[in-house]
Amino acid sequence: MRNSQATHVDFGFLRGAIKSNPKVIPVNLDMVYEHKGHFLFAEWKRENEEISEGQKILLRNLAKLHTVLLIIGHSDETSTEVKDFYWVRGLYMTHVGKGIDSLKDYIDDWWNEY
C-alpha cells in the first residue's frame, strides 16, 4: 500500500441509500490495473477469510467483461504473501499460480496481451 496510514472505508453509513433495497452497501476491490481500455481486477483475501455475498456478485459480474483474480494472501507494511491465486470465471475459478513471482508474471503476461 502506498499510504501505510490509509484505513479501510466503513460503508455502513450508506446503508439505506438505495431506498428500493436498503440493505445494499458498496463493496471495495483491492487491486485494479487498466491498460488500453482493458481491466484486471483483483480481490485479496487472507486464508480462510470469507468473501461477502456482495463481493461474490461483483466479482462474477466483472468477470463477464474483464479479467478478475482472487488472491489468497496478504500484503501489509510488514510482509507480503501470495499463497495462491485464481482466475474468476462466473461461478467457477481456475487456479493460476502461487507466489509473488508467479503473480508478477501473470500480470506482465496480461499487460503484454494488449
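A few notes on this one:
- Highest mean packing first, where packing is the average number of other Cβ atoms within 10 Å per residue, the peptides 54-63, 93-102, 13-22 line up as 54-63, 93-102, 13-22.
- Gain on full stretching of the segment that runs from residue 10 to residue 98 - 0.36 nm per residue minus C-alpha separation: 28.6 nm
- At full extension, residue 105 and residue 61 could sit 13.3 nm farther apart than now, given 0.36 nm per residue minus the alpha carbon distance.
- The long axis of helix 53-63 is offset from the longest Cα principal axis of the chain by roughly 50 degrees.
- Taking the three principal axes of the alpha carbon atoms in segment 70-114, the coordinate ranges are 32, 27, 13 Å, sorted in descending order.
- Those GluC sites (Glu not before Pro) in segment 38-114 that DSSP places in a loop and that have at most 13 other beta carbons within 10 Å: 47, 49, 50, 77
- Considering helices alone, the calculated mean residue ellipticity of the chain at 222 nm is -7000 deg cm²/dmol, with DSSP H runs of length four and up weighted by -39500 (n - 2.57) and normalised per residue.
- Percent of Cα-Cα distances greater than 18 Å, calculated over the chain: 56
- Candidate aspartates and glutamates for bridging to residue 104, where Cα separation is under 18 Å - those fewer than 8 sequence places away on the same chain excluded: 30, 34, 43, 76, 81, 84, 113
- A simple charge model with +1 on the Cβ of Lys and Arg, -1 on the Cβ of Asp and Glu and nothing else charged puts the dipole of the chain at about 640 debye relative to its Cα centre.
- Summarising the strand pairing of the chain, around 75 percent of its internal DSSP beta bridges are antiparallel.
- Listed by chain and number, the lysines whose alpha-carbon sits under 21 Å from that of residue 98, ignoring those within fewer than 8 places in the same chain, are 45, 83.
Each value in this text was obtained by applying a stated rule to the coordinates, not by laboratory testing. All values derive from a computational prediction rather than experimental measurement. All Cβ positions, glycine included, derive from the backbone under ideal geometry; neighbour counts span all protein chains shown.
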